[in-house]
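I have placed the structure first, in the form of structure tokens, so that the comments after it can refer back to it.
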Amino acid sequence: MKLSTLAEKTSSTIKQGDADLEIKSAAGLDIAENGEITFLANPKYTPQIKETRASAIFLNETETVERQDIAVLRAKDPYLAYTRALRIFHPESETIAFIHPTAVIHETAEVAQDVEINANVVIGKNCVIENNVRIFPNVTVYDKVKIGKNSVIHSGVSLRENCEIGANCIIHNNAVIGSDGFGYAKDEEKRWLKIPQTGNVVIEDDVEIGAGTCIDCASVGETRIKRGAKIDNLVQIGHSCTIEEDALICAQTGLAGSSVIGKRVILAGQVGIAGHLRVGDDVVITAKSATSHDVADGKILSGIPAFDNRDWLRSIAAFRRLGEMAQTLRRLEKRLPESDAD
Amino acid sequence: MKLSTLAEKTSSTIKQGDADLEIKSAAGLDIAENGEITFLANPKYTPQIKETRASAIFLNETETVERQDIAVLRAKDPYLAYTRALRIFHPESETIAFIHPTAVIHETAEVAQDVEINANVVIGKNCVIENNVRIFPNVTVYDKVKIGKNSVIHSGVSLRENCEIGANCIIHNNAVIGSDGFGYAKDEEKRWLKIPQTGNVVIEDDVEIGAGTCIDCASVGETRIKRGAKIDNLVQIGHSCTIEEDALICAQTGLAGSSVIGKRVILAGQVGIAGHLRVGDDVVITAKSATSHDVADGKILSGIPAFDNRDWLRSIAAFRRLGEMAQTLRRLEKRLPESDAD
Amino acid sequence: MKLSTLAEKTSSTIKQGDADLEIKSAAGLDIAENGEITFLANPKYTPQIKETRASAIFLNETETVERQDIAVLRAKDPYLAYTRALRIFHPESETIAFIHPTAVIHETAEVAQDVEINANVVIGKNCVIENNVRIFPNVTVYDKVKIGKNSVIHSGVSLRENCEIGANCIIHNNAVIGSDGFGYAKDEEKRWLKIPQTGNVVIEDDVEIGAGTCIDCASVGETRIKRGAKIDNLVQIGHSCTIEEDALICAQTGLAGSSVIGKRVILAGQVGIAGHLRVGDDVVITAKSATSHDVADGKILSGIPAFDNRDWLRSIAAFRRLGEMAQTLRRLEKRLPESDAD
């Protein structure tokens, strides 16, 4: 692809270099090769520009480059422009309509004409599989599941009864959608009595669910993952939670039941969210933190339990010297004898 | 079902409302509809009683209700009564005895007459599958596994060689029972030499294992999950652990090897338990905490490492202001000049 | 096996006991039976020597034993000698060359003669399966995957497109190798735009991967697990990470993208490693800790965020009394009136 075409398709402008330069792929600064375009998003990596073998680079509007032998495309957001370039060079493979003879599809399931259903897939009663859906091998779809158009279900996934998957979703390998919520009442003999988990999980359009992630169904009602939310690997979503649009949940994070995660929230890796609470829109909770309280819109929180990130940064700086602080305090206490008033 | 029948079956008494009122289902306060029964267990939700659309409610013996248009059932434990109601309205679906033709069952396996074995299930040599067991698609049962009567194995589960599953168990999707323990010795060249993992996992009756949970076999001997224990999703149980009766282990908790978790212990979400220790009966460890020491019966612990929950609550309150405390301490130190004695 | 033969094969010497004594197996101190050999590695368990039913024991060169009725083998490293004994008594079962008729193997795949491929395994286009590989049921191998000789792939595993597995590897049940990395750019409407994940995962020789563990492919380039690394269950390895030789990563640990874990590093359970950093060789990070910074070779770190383990031990000791410290500080402050200078 010519540099000029690439610029046009990525909403960027040629600042330096030949408009007819051929670009054949995109890659990061350190691994890009001749003929490839790269990007700089984080000034920390500016020194790498000198050494990159890339033939072109996306830069923001202020960054300068001293080398003349690299084409420069100005972009408002170089990372976004790079992502678009990568998507151009790596289009998704097309679905090839076929149903493998080993797939076991119940006669009551409605399956669109142009789906791809691979070996050993099992599809239960009264399921609906829409156009252009792609299901990889060894997937189990329980009864009454609906999968919306263009969605991709990777191998080893289990979709439990009554779940709904929207359009353009990707469910990665071995994820489980709609397993029973973890709910018990204690009986008179202090034994756990299982609370029936009769609800379902609804996943709206454009959602991606990571490998090994488990999303429990509601006891009554639904667990809902809204449009555009992205969930990483090995995440646990408890029963009756709601994940609002465009939320981003990183690996190994866990949510107890009935909590609501606001729009565009970012939960970093290994975060914990207790039950029955609301995390407001645009909140960021940093890695390994946990909250058992509601969080107001826009907050950045850290710690176990989580509080304001700036305060936390001060607290953890002091924590490193806490042993010393305790010693100092004991010394001061000794030298300031107890008064009668205390 | 008539209100009077429901009262009888849930050990509750009609305090208000028509004994002949028809109740058709049960649901939480916020989502219950006309014709349904709900419950109040946590006084925090008392205000919702005014707004619920439910036709009846389980209340404890002291809670009052001002509305006349809702039937009231008195129960010692409203949550337990509600659970029983939900179980009445949602009985477990019956096992339909059949073996799908794609199931691959070794000729030496003993399979009871009335089991349900779904598509693509693989059952190894010398397995024993008892009455009324239900195995969903794409399950792999290795050699010499025993599954007790009425147990349900969901799709994608792997049951490794020699494991025993008791009666009335539920193993949720993609759980792994009996994978190798994580054990190595360091050899003379500082490389890891695998310690054979030759033991098994024994799961007693009435145990529930969550989706994606992994329970390792013992190197020699057994890992044992005792009667009535409930384990949530994505939990890791290391080799040779023992989980005592009625313990409850929440999602993403991890146990290293050879530890014993006492009866009725509650480990909240994302807890960590080090190896070779004993957590006493009735202990509660709160979410995201970890212990590397034995814990005496009945303790409530928090923190990393975990200590008494009340002390922890004081410590974390102070931690939020630790930056400020450090500053105060420096100020005090400056104003109280070093004595010769220090 | 005669004691003398066992001594020879485990590089140990008979200190006490009959060279012709028959030893039939090996087990831990508490569960070893008559006719078995055990070991003592941790002096904490020395008192158990009095009670063990074992017929022989591996001891280091300084440990003494008062009993005359137990054979003693001296070993430089009793744990290593015991591991070798256990490996002798429990050799790995031999691969029986066969391909189950229900396996679905693409005609373009190159499969060696002597492999064992079990029921319902699916192998994609252009895969290469080398000698003596063993694949358990319900495994999915996507296109262009290579599996090196003697490797074992347990049931439920998904190997995604283009991944390479070395020789002598073990991949435990339901692990996922090569799922998409978690990468998105934010577009002009604040929605997440998926960054194509076009790279792969390369697993070198002698690697073991735990059950349920997920290793993401690189966006461009590769994620690499080097020779001899051992990874436990439910671990998350982000895209483009490199795990150096003989690193040991315990259960439920998570690595964000592009980090490098040095040789022989030990990451204990539930550790978190942020993205784009380097953990030096021989580092130990203790359980539940997390780092977002580079770590120099040989360090032992603890805490969130992690710092020197000895300092951390002092800090956590003080933390237990932090509520009290805060009170003391307030009292001191009151008694030392604010000076004008402050």
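The values are calculated or read from the model by the stated rules, or taken from the named source; none is laboratory data. This is a predicted model, so every value here is computed, not measured. Positions of Cβ are generated from backbone atoms using ideal geometry, with glycine treated the same way; all protein chains shown enter the neighbour counts. Calculation scope for accessible area: heavy atoms of the full protein, side chains included, ligands and nucleic acids excluded. Shrake-Rupley method; radii C 1.70, N 1.55, O 1.52, S 1.80 Å.
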**Asked** Restricted to region A:175-188, and to residues that are facing another protein chain (nearest Cβ under 7 Å) and open to solvent by less than 10 Å² (accessible area, probe 1.4 Å), which residue is nearest to B:GLY210 (Cα to Cα)?
**Response** A:SER179
**Message:** Condition first: of a type outside the set (Asp, Glu), closer than 19 Å to C:SER258 by Cα and in a strand (DSSP E or B). Now tell me which residues in region C:155-177 satisfy that.
**Reply:** C:VAL176, C:ILE177
**Fill in**
When (1) in a helix (DSSP H, G or I); (2) more than 7 Å from chain C (Cβ to nearest Cβ) are applied to B:LEU301, the one that fails is (1)
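Those residues that are touching a strand residue (DSSP E or B) at 6+ places or on another chain (Cβ under 7 Å) and either surrounded by fewer than 20 Cβ atoms within 10 Å (Cβ to Cβ) or farther than 21 Å from B:GLU61 by Cα (or both), I need them from region B:20-32; list them, please. Show your work before the answer.
In the first step, residues of region B:20-32 are kept if they are touching a strand residue (DSSP E or B) at 6+ places or on another chain (Cβ under 7 Å); the result is B:20-29, B:32.
Scanning region B:20-32 gives B:ASP20, B:LEU21, B:GLU22, B:ILE23, B:LYS24, B:SER25, B:ALA32.
Only one of B:ASN118, B:ASN168, B:ASN138 is at positive phi and either open to solvent by 20 Å² or more (accessible area, probe 1.4 Å) or modelled with pLDDT under 95 (or both). Can you tell me which? Walk me through it before giving the result.
Values: B:ASN118 fails: at positive phi; B:ASN138 fails: either open to solvent by 20 Å² or more (accessible area, probe 1.4 Å) or modelled with pLDDT under 95 (or both).
Just one listed residue meets the conditions, B:ASN168.
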**Fill in**
Of those in region B:44-59 that are within 14 Å of chain A (Cβ to nearest Cβ) and open to solvent by 20 Å² or more (accessible area, probe 1.4 Å), the residue farthest from B:LEU6 (Cα to Cα) is B:LYS44
**Asked** So A:SER158 fits all but one of (1) more than 8 Å from chain B (Cβ to nearest Cβ); (2) open to solvent by less than 10 Å² (accessible area, probe 1.4 Å); what number is the exception?
**Response** (1)
**Complete:** Note on region A:250-264: residues among the aliphatic types (A, V, I, L, M) and crowded, with 24+ Cβ neighbours inside 10 Å are A:ALA251, A:LEU255, A:ALA256, A:ILE261
**Fill in**
For B:MET325, the lone unmet condition from (1) closer than 27 Å to A:ALA251 by Cβ; (2) at the interface with chain C (Cβ under 9 Å from one of its Cβ atoms); (3) open to solvent by less than 40 Å² (accessible area, probe 1.4 Å) is (1)
**Prompt:** Inside region A:304-321, can you point out the residues that are in a helix (DSSP H, G or I) and among the charged types (D, E, K, R)?
**Reply:** A:ARG310, A:ASP311, A:ARG314
**Request:** Could you tell me whether any residue of region A:86-99 is touching a strand residue (DSSP E or B) at 6+ places or on another chain (Cβ under 8 Å) and buried (at least 22 other Cβ atoms within 10 Å of the Cβ)?
**Result:** yes
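Filter region A:261-284 for residues that are in a strand (DSSP E or B) and more than 12 Å from chain B (Cβ to nearest Cβ) and give the result. Spell out how you get there, then give the answer.
First, the residues of region A:261-284 that are in a strand (DSSP E or B): A:261, A:266-267, A:272-273, A:278-279, A:284.
Listed by number, the residues that qualify are A:ILE261, A:ILE266, A:LEU267, A:ARG278, A:VAL279, A:VAL284.
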**Asked** In region C:269-284, which residue that is surrounded by 24 or more Cβ atoms within 10 Å (Cβ to Cβ) and over 10 Å from C:LEU255 (Cα atoms) is nearest to the chain's Cα centre (by Cα)?
**Response** C:GLY269
**Prompt:** With respect to C:GLY228, is the statement that it is touching a residue at least 12 places away in the same chain (Cβ under 8 Å), farther than 21 Å from A:ALA268 by Cα and at the interface with another protein chain (Cβ under 9 Å from one of its Cβ atoms) true?
**Reply:** yes
**Counted residues, region A:60-78 - those being farther than 24 Å from C:LYS186 by Cα and open to solvent by 40 Å² or more (accessible area, probe 1.4 Å)** = 4
**Message:** Among the residues that make up region A:221-238, is at least one of them open to solvent by 10 Å² or more (accessible area, probe 1.4 Å) and under 30 Å from B:LYS263 (Cα atoms)?
**Reply:** no
**Request:** Return the only residue of B:ALA318, B:ALA296, B:ALA247, B:ALA287 being open to solvent by less than 10 Å² (accessible area, probe 1.4 Å) and over 28 Å from B:ASN200 (Cβ atoms).
**Result:** B:ALA318
**Fill in**
Reported set for region B:143-155 where residues are surrounded by 24 or more Cβ atoms within 10 Å (Cβ to Cβ), within 17 Å of B:VAL104 (Cβ to Cβ) and not hydrophobic (A, V, I, L, M, F, W, C) is B:SER155
**Message:** So if I check each of C:ARG191, C:ARG134, which one is facing another protein chain (nearest Cβ under 7 Å) and not small (Gly, Ala, Ser)?
**Reply:** C:ARG191
**Prompt:** Right, C:SER292: closer than 18 Å to C:ALA268 by Cβ, of a type in the set (Ser, Thr, Tyr) and within 12 Å of chain B (Cβ to nearest Cβ) or not?
**Reply:** no
**Item:** Candidate set from region B:132-154 (those that are assigned to a strand (DSSP E or B) and not aliphatic (A, V, I, L, M)); member that is nearest to B:ILE117 (Cα to Cα)
**Value:** B:ARG134
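Within region C:179-196, can you find the residues that are of a type in the set (A, V, I, L, M, F, W, C) and either out of contact with any helix residue (DSSP H, G or I) (no Cβ under 8 Å at 6 or more places or on another chain) or modelled with pLDDT under 95 (or both)? Walk me through how you get there before you give the answer.
Applying the first criterion (of a type in the set (A, V, I, L, M, F, W, C)) to region C:179-196 yields C:182, C:185, C:192-193, C:195.
Within region C:179-196, C:PHE182, C:TRP192 qualify.
Taking the stated definitions as given, is C:ARG330 within 13 Å of chain B (Cβ to nearest Cβ) and either of a type outside the set (A, V, I, L, M) or closer than 30 Å to A:LEU336 by Cα (or both)? First the steps, then the outcome.
Numbers: within 13 Å of chain B (Cβ to nearest Cβ): yes; either of a type outside the set (A, V, I, L, M) or closer than 30 Å to A:LEU336 by Cα (or both): yes.
The answer is yes for C:ARG330.
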